[in-house]
Amino acid sequence: MDALVSNMFAEIENLIPVYIQNPEDKRIANGNVAVCIIDENGMVFGRMFGTNKPRLRQSYKVAWTKASQVWLTGIKTGEYEKMVFNGLAEENGNGIEAPDLIGWQGGQPLILPDGSILSVGFSGFRGVIDLEIMVKALEKAIHINE
């Protein structure tokens with residue numbers, strides 16, 4: 001797991017300069033982004049990329065909130081909130097009260113080749129990009145570990 005996560009972090013570091021070229025994504029955190037990964041055993045892995053420590057702290061807080069919500073629910077952030085507010089999931093049914101729902105995209109479960117699940121959160125770009133970066137990082141890390 002350590003090697004897989006290290007390879008994911010390395011790939012994220014390679015992807016940041018590519019995605020920051022988009023002015024919309026640069027505007028959000030100016031490349032000060034963070035990722036949080038929680039495995040099925042509750043082991044937490046995190047990494048911050050950038051130099052603005054106050055912004056990195058905020059980005060990691062959001063990334064952890066996304067990852068931990070996915071860890072509790074097994075559902076992407078944004079999608080879970082829709083379920084709660086449409087009465088398809090019980091508020092606090094997974095230990096998260098409505099005011100604590102993150103609501104933004106960027107948290108998702110990722111399934112490993114062995115069937116185990118990583119609950120991941122990324123923060124610093126638009127939500128759809130946060131999701132995309134994590135999928136790409138995992139794909140590359142799995143390829144490297146084969």
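The values are calculated or read from the model by the stated rules, or taken from the named source; none is laboratory data. Predicted model only: the values in this text are computed from it and were never measured. Using ideal geometry, Cβ is built from the backbone for each residue, glycine included, and neighbour counts are taken over all protein chains shown. Side chains included, ligands, DNA and RNA excluded: accessible areas come from the protein's heavy atoms. Shrake-Rupley method; radii C 1.70, N 1.55, O 1.52, S 1.80 Å.
Numbers for the structure displayed
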| read-out | value |
| --- | --- |
| Residue list for region 29-44, filter: under 19 Å from Val135 (Cβ atoms) and open to solvent by 30 Å² or more (accessible area, probe 1.4 Å) | Glu40 |
| Sole residue being charged (D, E, K, R), open to solvent by 60 Å² or more (accessible area, probe 1.4 Å) and under 11 Å from the mean Cα position of the chain (by Cα), chosen from Lys66, Lys76, Lys53 | Lys76 |
| Residues of region 134-146 satisfying the condition of being more than 23 Å from Lys61 (Cβ to Cβ) and buried (at least 18 other Cβ atoms within 10 Å of the Cβ) | Ala141 |
| Region 1-23 - residue that is open to solvent by 60 Å² or more (accessible area, probe 1.4 Å), part of a helix (DSSP H, G or I) and not small (Gly, Ala, Ser) and, of those, nearest to Ser116 (Cα to Cα) | Asp2 |
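Conditions tested, residue by residue: (1) farther than 19 Å from Glu13 by Cα; (2) touching a helix residue (DSSP H, G or I) at 6+ places or on another chain (Cβ under 6 Å).
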{"site": "Thr65", "(1), (2)": "yes, no"}
{"site": "Gly103", "(1), (2)": "yes, yes"}
{"site": "Leu112", "(1), (2)": "yes, no"}
{"site": "Ile117", "(1), (2)": "yes, no"}
{"site": "Val120", "(1), (2)": "no, yes"}
{"site": "Gly127", "(1), (2)": "no, no"}
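To keep it simple, each residue is scored yes or no on (1) within 26 Å of Asn30 (Cβ to Cβ); (2) modelled with pLDDT of 90 or more; (3) surrounded by fewer than 13 Cβ atoms within 10 Å (Cβ to Cβ).
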{"site": "Leu88", "(1), (2), (3)": "no, yes, yes"}
{"site": "Gly93", "(1), (2), (3)": "no, no, yes"}
{"site": "Pro99", "(1), (2), (3)": "no, no, yes"}
{"site": "Gln108", "(1), (2), (3)": "yes, yes, no"}
{"site": "Pro113", "(1), (2), (3)": "no, yes, yes"}
{"site": "Leu118", "(1), (2), (3)": "no, yes, no"}
{"site": "Phe122", "(1), (2), (3)": "yes, yes, no"}
{"site": "Ile129", "(1), (2), (3)": "yes, yes, no"}
{"site": "Glu132", "(1), (2), (3)": "yes, yes, no"}
